[in-house]
1. Determine one quarter of the surface area of the Cα convex hull of the stretch 266-314, which equals its mean projected area, and express it in nm² to one decimal.
2. What per residue convex hull volume, in Å³, comes out for the stretch 542-614 when only alpha-carbon positions are used?
3. Calculated FRET efficiency, H193 and S81, Cβ-Cβ r, R0 30 Å, to nearest 0.05?
4. Translational diffusion coefficient of the chain at 10 °C, 1.306 mPa s, Stokes-Einstein with Kirkwood Rh over Cα pairs, in µm²/s as a whole number.
5. Tell me the per residue accessible area of the stretch 312-471 using a 1.4 Å probe; a whole number in Å² is fine.
6. If the cut-off is a Cα-Cα distance under 25 Å, which lysines reach K118, setting aside same-chain residues fewer than 8 apart in sequence?
7. Compute for the stretch 339-458: radius of gyration divided by Kirkwood radius, i.e. Rg/Rh, restricted to C-alpha atoms, rounded to two decimals.
8. Compute, for the stretch 326-426, the length of the dipole vector about the Cα centre, with Cβ point charges of +1 (Lys, Arg) and -1 (Asp, Glu) only. Units Debye, rounded to 20.
Amino acid sequence: MGQELTSNREPLRTMGSEQSQRLQKRDSVALPLSAFSAWQKQLVKMLGIATVKKNFFQFGWSQGVEVAQTVSRREDLDLISQMLQGAELHEALGQANVFIDVKKVEIVGNEVVSVLFKGRWTDSFEADQYIKEDTTAVKPTCYMLCGFASGYISTLIDKDVFFKEHACQASGDAACHWEGKLLEHWDPKEYEHLMGADIEEEILPYTRLEEERNRLQMVIDIHNELTDELIRSNSLENLLSILKKYISHPIIIENQKGQITDYENITLEEATVLQVPFHRRLKEWPIHKTDLFQFEDTSRLTAPIYIQNQIAGYCSFIYGPGVQPKEEIDRMILGRLTSISTLVHLNNRNIMEANARTKGILFEKMLTDGFESKEQIIRELNLLNIDVSGDYHIAYLALGYNEFNKEDNLSIFTNIYEEVVQFFQERSYEVLQVQRANGILCFIPESADHALMENGPTLFYERIKRAYPKIQCHVGVSSTSNDLSCVTDQMQEAMTAARFTTTCQPTMYFKELGILGILVHSQEEKAIRKIAELQLGELYGTSEQQLDYMQTLYEFLMNGGNLEITSAKLQLSVSGLRYRINRIGEIIEVDLRDSEKQFDLLLALKALKVIGEF
C-alpha cells in the first residue's frame, strides 16, 4: 500500500533558515531585473523565442538539480521533508514567494509512483519584468521557476517530474498558479517543447546561455568599477587601468582636435600611427554614433564623446589583423567608457571654469586697486600657485568678429577663452586672465628672456588662427615690470601695443614702439595731432581726398616704398599709384625717397591711425 501525503492551502513557512542561509552564501551572480530583461531580449533576438523558453526551463532545471543534490545528502530529513524543503530553498534564491496549496506523494515500496503538487508563486522575478514595463504576456512566462521545481523533485525521486504554470501575473492574473506531477502522467504535448526526449541534449544551449549571462555580468562589473573610480579620482588614466583587467586590445581616447589624451594596451607612438587613417576617414565623413571601421591592417570600434550636443572627442577600441571583434559586448563596454569619459570631461571643464573665474576675479581686483596692500596681492596669488617674486608681463589678445552675429560672438569668445586656459595648462603654467573690451588680458609672471615671452605670443596667435581663421586676432605685450602696483599701466601698454599690430605683424611688444608708443600710451592726442599737422601739412585733414591720400601714403611707407605690393593692397594700377605718390609729394613738399622724412611721416600716420583719425 502506498504512502500518501495531502494538505489543504497552507503556505510553507516551517522549515529552519540555516540551510537557506548557506544556500545564499554560495558563489552567485547578482543580476538586476533591468539587466535580466535586456539579456532576455537579446537572447530572443539571437536564438528565437522557442529556444529561449526551452533554455530558460533547462537553466532552472540545472539550478534545481544542484540544490536537490545538496539537500539529498542531509540524513536528518526523509524524502518527503526533502521535497517540501525545496519551496523554502527556492525562496532563498530570491526568485519568488512560494505557496504550496496541494501536496500529494504516493510511494510503493521504495518507489514513488505518483506525485501531485499544486500551488502559487507571487512576486516572480520573471513576471515582474512584464509588470514593471507595463506589458501583458499572452501566455505564462515563469519558465525558470517551472524548470527549478521540475529539476529539484526529479533529482530527489530519481524520476522525471514536470511542473507547468496554468496562470501568471505577467498575463494579468492575481498569482502564478502551477501544477507538478510525474512526466508519464502528462500529455507529451505539454512538455516536449521544453524537455525534449533527453535532458542531456540541452547542455550545449545552457552553456551558451551561461556564457551570455557572464558577459553581461562582466559589463555590469566594469560599469560599477568605472563609476567607483570616477568618484575616487576623476582620472581617465586610472579608469583605463581598470579596463585593462577585462580587455586586452588597444584603447585610444582623443579630444575634438584629434590629440590623444589617454591610451592603454598600446604605446603613444603606435597610437599616433593609427590616428592617420582614422583622421583621414573623419575628414571624409564625420562620426556621429558608435560604428565599426575597417582599415588596411586593423579595425576600429569608435564612439563619439558628446558634451552639450557637441562632439568633444572619441573613444576607440583597436583590433589587430585577423581579430574578430565581439561587437555586441564591446559596444556595451565602449558605451560605458564613453559615458564615463563624458563625466570626466565635464568635471574637468567645471574645475577649469571655476579656477578661471577665481583667477579672473583676482586679476580684476588687481586692475581696479581692490587690494589694501601689495602683500595681500602676493598672498592671494600664492594661493593659486602663481609666483610673483620676479618680473611679469601683461599680454592682450584683441579679437574682431566681422562676419558673425552676437550669439556667435559669445560662443566663439567662450571657446577662445578656453583655448587661452588650455594653452598655458599644456605648458604647466599658471597665469591670470580676464575679459577686457573685445579681448582677453593675461597676467604672465615671467621675465623677458623666458621662452614663453619670446615665442609664446606668436605660437598662441598661430593656434587661434588655425582654429578660427575668420577671426581677426592681434596680440600686444607690455614691457617688463616687477612692481605689482603698476599692473594697470602694464595693461595699458599691452592694449596700446595691440593697436599697432597689422596683418603682416599680428604680434607687437610695447618696447618696439619707441617714442610713438609713449605718445599714444600717454594719451596726448592733442600733441599727436600737432605733430601730424607739422609733418603732413595740407595733406592732413578730414575731407575724403585727404583721408584717401593719407591711407595711400601710409600703405606706401608701410611696404617700404614698393609700388607693386602697395598697388595690390590698395587695388590700384601701378601707374595710378605712381601718379598719386607724386601728387602727395607735391602737396607736402617732401622728397619721399628721403629715409629720415619717411620715418617722420610714418610715425605721424601711425599715431593718427591709432587714435582713429583715419
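1. Values: hull surface 15.1 nm².
The number I arrive at for the stretch 266-314 is 3.8 nm².
2. Details: hull volume 6.2 nm³, N = 73.
In the stretch 542-614, the Cα convex hull volume per residue is 84 Å³.
3. Values: r = 33 Å, r/R0 = 1.10.
Once the sixth-power term is evaluated, E becomes 0.35.
4. Working: Rh = 32.1 Å.
Taking Rh from Cα pairs, D becomes 49 µm²/s.
5. On the way: 8070 Å² over 160 residues.
That works out to 50 Å² for each residue.
6. K53, K54, K103, K104, K139, K159, K164, K181, K189
7. Numbers: Rg = 15.6 Å, Rh = 15.8 Å.
For the stretch 339-458, the value is 0.99.
8. Numbers: 10 positive and 17 negative charges, 65 e Å.
That gives a dipole near 320 debye.
The values are calculated or read from the model by the stated rules, or taken from the named source; none is laboratory data. What you are looking at is a predicted structure, and each value in this text was computed from that prediction instead of being measured. So basically every Cβ, Gly included, is an ideal-geometry build from the backbone, and we count neighbours across all protein chains shown. In case anyone asks, the SASA skips ligands and DNA or RNA and just uses the protein heavy atoms, side chains included. Shrake-Rupley method; radii C 1.70, N 1.55, O 1.52, S 1.80 Å.
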